[in-house]
Amino acid sequence: MTTEAKTQSKPKLAVWKFASCDGCQLSMLDLEDELLAITGAIEIAYFPEATRSVVEGPYDLSLVEGSITTPHDAERIQQIRADSARLVTIGACATAGGIQSLRNFRDVKEFTSVVYASPQYIDTLRTSTPISDHVKVDFELRGCPINKRQLLEVITAYVANRKPAVPTTSVCIECKRRGTVCVMVANGTPCLGPITQAGCGAICPAYNRGCYGCYGPSEQPNLPSISAAWLELGASRQEVVRAYRTFNAAAPELAEESERIASE
């Protein structure tokens, strides 16, 4: 088999960007040595962050970073979905709207009038929404930014045609595994660990700080319970609302609970 034929037989990977900071794409580049193995098994057909070469679709696997914030975004994601056999969203922006989804709780026209000298030229949507609100998503990889090892697992899983083995347990499990004392119980520090999906390695509690919820809600999170716990520890309602409205503000569970607390 010729070199050209071997290249053509590899699955084609595309990496796409919408409204985001590029942090999740940089996590992929941070794989360094592992990238050599990845490129040996797949063809990186489209990845502007890493290469200027472009191979036309269709693509076997598309990784999508960023949220949908403009009419053009909403149109472009439809075409990407049509050109992709599998589509995986990576990071808080793509899976839960990102920090930019804070606009969902206010009047976006007011923001543009304050920020831009000529707001009439700004063509934007009222909300920032995750990719899954617009097209079918085959898998969501959480995090702000994503865990590069989990990303490697996702890519490997799809090359091997199996389901990715990514945990859906809470950060509390990671604290227990690394022997970190619970900051809520021991120090009375408000923490989102009990309702946040694992993946970061419980970095913040290991440094005696509460979890910020970077990986979004875990499976079946008990948000009213954690809200009550925060209030009992002395946090204000405004602080509770602000904790939910950060990296994953448009996650349905967090948005609903933040609205409930804000309205009381």
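Each value in this text was obtained by applying a stated rule to the coordinates, not by laboratory testing. Given the structure is predicted, the values throughout are model-derived calculations rather than measurements. Heads up, the Cβs are rebuilt from the backbone with ideal geometry, glycines too, and the neighbour counts pull from every protein chain shown.
Data overview
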quantity: In region 1-89, trypsin sites (Lys or Arg not before Pro) in a DSSP loop with at most 13 other beta-carbon atoms within 10 Å; calculated: ARG52
quantity: Label-point separation, TYR207 to ARG242 (7 Å along Cα→Cβ), nm; calculated: 1.9
quantity: Cleavage-rule hits, chymotrypsin sites (Phe, Trp or Tyr not before Pro), region 197-264, DSSP coil, Cβ neighbours within 10 Å at most 15; calculated: TYR207
quantity: Under-5 Å amide H pairs with SER62, H placed in peptide plane, nonlocal only; calculated: ALA14, ARG86, LEU87, VAL88
quantity: D (Stokes-Einstein, µm²/s), Kirkwood Cα radius, region 171-263, 1.002 mPa s at 20 °C; calculated: 164
quantity: Estimated dipole of the chain in Debye, rounded to 20 [Cβ of Lys and Arg +1, of Asp and Glu -1, Cα centre]; calculated: 340
quantity: Cα-based Lys proximity count in the chain, under 27 Å, for pairs eight or more positions apart or on separate chains; calculated: 16
quantity: Candidates ALA228, ALA94, ALA19, ranked by Gaussian network fluctuation over the chain, Cα under 10 Å, top entry; calculated: ALA228
quantity: At most 15 other Cβ within 10 Å, DSSP loop - chymotrypsin sites (Phe, Trp or Tyr not before Pro), region 74-127; calculated: TYR116
quantity: Highest-fluctuation residue, ARG149, ARG106, ARG126 considered, GNM on the chain with Cα pairs under 10 Å; calculated: ARG106
quantity: Rounded, prolate or oblate (a/c below 1.5 giving rounded, otherwise prolate when a/b exceeds b/c) for region 126-208 by Cα gyration tensor; calculated: oblate
quantity: Most fluctuating residue given options ILE90, ILE99, ILE203, as computed from a GNM of the chain linking Cα atoms under 10 Å; calculated: ILE203
quantity: Tensor-based shape of region 37-117 (alpha-carbon gyration tensor, a/c under 1.5 rounded, otherwise prolate or oblate); calculated: prolate
